[in-house]
1. With the checklist (1) crowded, with 18+ Cβ neighbours inside 10 Å; (2) more than 18 Å from residue 116 (Cα to Cα); (3) over 27 Å from the mean Cα position of the chain (by Cα) in hand, flag the one item residue 267 doesn't pass.
2. Show me the helices (runs of 4 or more DSSP H) entirely contained within segment 280-399 in which 1 or more residues are within 16 Å of residue 46 (Cβ to Cβ) and within 20 Å of the chain's Cα centre (by Cα).
3. From the list 201, 205, 246, which residue is surrounded by fewer than 18 Cβ atoms within 10 Å (Cβ to Cβ) and either touching a helix residue (DSSP H, G or I) at 6+ places or on another chain (Cβ under 8 Å) or outside the structural domain of residue 91 (by TED's automatic domain parsing) (or both)?
4. Residues in segment 432-445: is at least one free of Cβ contacts under 8 Å to residues at least 40 places away in the same chain and surrounded by fewer than 22 Cβ atoms within 10 Å (Cβ to Cβ)?
5. Within the group 414, 402, which residue is touching a helix residue (DSSP H, G or I) at 6+ places or on another chain (Cβ under 7 Å), crowded, with 17+ Cβ neighbours inside 10 Å and in a strand (DSSP E or B)?
6. Which one is farthest from the chain's Cα centre (by Cα) among residues in segment 85-97 that are within 22 Å of residue 357 (Cβ to Cβ) and not in a helix (DSSP H, G or I)?
7. Give 128, 110, 95 a once-over and let me know the one that is out of contact with any strand residue (DSSP E or B) (no Cβ under 9 Å at 6 or more places or on another chain) and either modelled with pLDDT under 95 or in the same structural domain as residue 417 (by TED's automatic domain parsing) (or both).
8. Within segment 98-132, work out how many residues are over 30 Å from residue 453 (Cβ atoms) and outside any loop (DSSP other than H, G, I, E, B).
């Protein structure tokens with residue numbers, strides 16, 4: 001005899017099914033946590049290492065021309081692919097490229113701008129409504145033509161601090177309630193913060209002619225000779241954007257006069273050094289970022305080894321613990337710290353700056369030699385101090401910086417995921433061509449970490 005089924009019992013049954021489904025989802029989620037907690041990754045980004053064939057090194061790329069026995073060993077013990085860090089046709093700046101390579105794909109105006117990230121990285125007093133900009137000390141000739149966008153690149157700290165202090169002391173805006181902070185960081189790099197009684201806008205153009213601002217991101221432009229400082233323009237019709245652009249232009253105009261008369265520059269002229277007689281500004285931002293912490297995103301203990309202000313800013317924003325590991329070229333120390341970190345961390349992100357600067361300088365031979373140095377001193381030391389049976393080494397780049405272009409490009413960069421438990425795909429070397437032929441295929445930067453986790457889990 002068929003029993004009558006009450007509406008209440010049906011509802012109870014459906015509720016139980018929902019609870020069971022939730023339990024299964026929860027269990028699956030917990031399993032992901034467990035799985036991720038057991039994974040060990042050392043994730044190395046070689047800044048700007050990607051390149052194009054160059055005549056100075058027999059029409060090879062610096063990676064192809066370099067002698068890299070340790071990178072070769074890692075390539076033969078893993079699988080490769082390619083990455084376009086931000087998007088096809090976009091030659092990104094390092095900040096947005098690194099965010100993407102860590103899994104953060106910002107949607108247009110959601111990104112706060114490099115100026116803010118670097119301000120955070122060096123601890124400038126910054127609040128919502130302030131304007132933060134990344135700047136370059138640059139050298140102009142008598143006709144205000146930019147003859148060196150980086151003023152020789154290697155600038156004495158005392159000189160950078162000296163001209164910055166002169167600007168803070170002497171530059172007065174038309175509005176008495178507007179003020180500036182000029183904070184030099186490393187080499188030619190500087191951060192400028194402008195504060196006004198009114199909230200300022202990030203929706204303005206750059207004065208640096210080498211970079212455009214598109215959808216809130218800094219994009220490298222193809223540039224030639226005889227460039228001049230560009231006028232800052234508001235990019236919308238708001239009073240805030242108009243005010244902000246006028247303050248930036250006032251800063252540019254008045255700083256040129258102050259720097260021309262600068263005591264520091266007079267001394268540099270006597271020593272035949274390039275003058276710090278201008279500041280090129282880009283990547284405006286006006287608010288503190290609100291971003292999911294990386295450890296929550298991946299349910300891992302994710303730390304970093306970084307040096308540059310923008311990298312420090314990224315680590316602060318993502319709430320990554322940053323390990324101290326010497327200076328920019330202390331490669332052995334960085335490798336030892338990365339290896340040691342695996343005792344307490346699931347993953348560590350290591351950013352090595354070297355190759356990018358040689359790319360900007362158009363020095364293919366220097367870039368090749370720097371890659372060889374990193375191979376020997378960093379990767380050689382790393383392999384001596386880790387158990388590749390337990391630890392996966394990931395290697396890629398934030399973007400390509402072809403020497404022939406002297407700037408960032410949108411060309412894909414190689415990606416390697418290496419470890420004893422990773423099935424080799426016949427890759428032999430960490431090069432652009434090996435990446436193009438690799439089993440992983442072509443990824444966007446924001447896919448890299450999750451793809452690596454999937455590969456590691458699938459081959460346990």
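1. Condition not satisfied by residue 267: (1).
2. Values: elements: 294-298, 309-317, 331-341, 354-360, 364-374, 380-385.
The qualifying helices (runs of 4 or more DSSP H) are 309-317, 331-341, 354-360, 364-374.
3. On the way: 201 fails: surrounded by fewer than 18 Cβ atoms within 10 Å (Cβ to Cβ); 205 fails: surrounded by fewer than 18 Cβ atoms within 10 Å (Cβ to Cβ).
Going through 201, 205, 246 in turn, the sole match is 246.
4. Of all residues in segment 432-445, those free of Cβ contacts under 8 Å to residues at least 40 places away in the same chain come to none.
No: segment 432-445 contains no residue that is free of Cβ contacts under 8 Å to residues at least 40 places away in the same chain and surrounded by fewer than 22 Cβ atoms within 10 Å (Cβ to Cβ).
5. Details: 402 fails: in a strand (DSSP E or B).
Of the residues listed, the single one that is touching a helix residue (DSSP H, G or I) at 6+ places or on another chain (Cβ under 7 Å), crowded, with 17+ Cβ neighbours inside 10 Å and in a strand (DSSP E or B) is 414.
6. At the first step, the residues of segment 85-97 found to be within 22 Å of residue 357 (Cβ to Cβ) are 85-86, 90-97.
Within this subset, residues satisfying the condition of being not in a helix (DSSP H, G or I) are 85-86, 90-93.
On the way: 85: 10, 86: 11, 90: 14, 91: 13, 92: 9, 93: 7 Å.
It comes out as 90.
7. Details: 128 fails: either modelled with pLDDT under 95 or in the same structural domain as residue 417 (by TED's automatic domain parsing) (or both); 95 fails: out of contact with any strand residue (DSSP E or B) (no Cβ under 9 Å at 6 or more places or on another chain).
None of the other options fit; the residue is 110.
8. Step one: list which residues in segment 98-132 are over 30 Å from residue 453 (Cβ atoms), which gives 115, 119, 122-132.
Next, only the ones that are outside any loop (DSSP other than H, G, I, E, B) stay: 115, 119, 122, 128, 130-132.
Of the residues in that region, 7 qualify.
The values are calculated or read from the model by the stated rules, or taken from the named source; none is laboratory data. What you see is a predicted model, and the numbers here were worked out from it, not measured in a lab. Backbone-built Cβ (ideal geometry, glycine too); neighbour counts: all protein chains shown.
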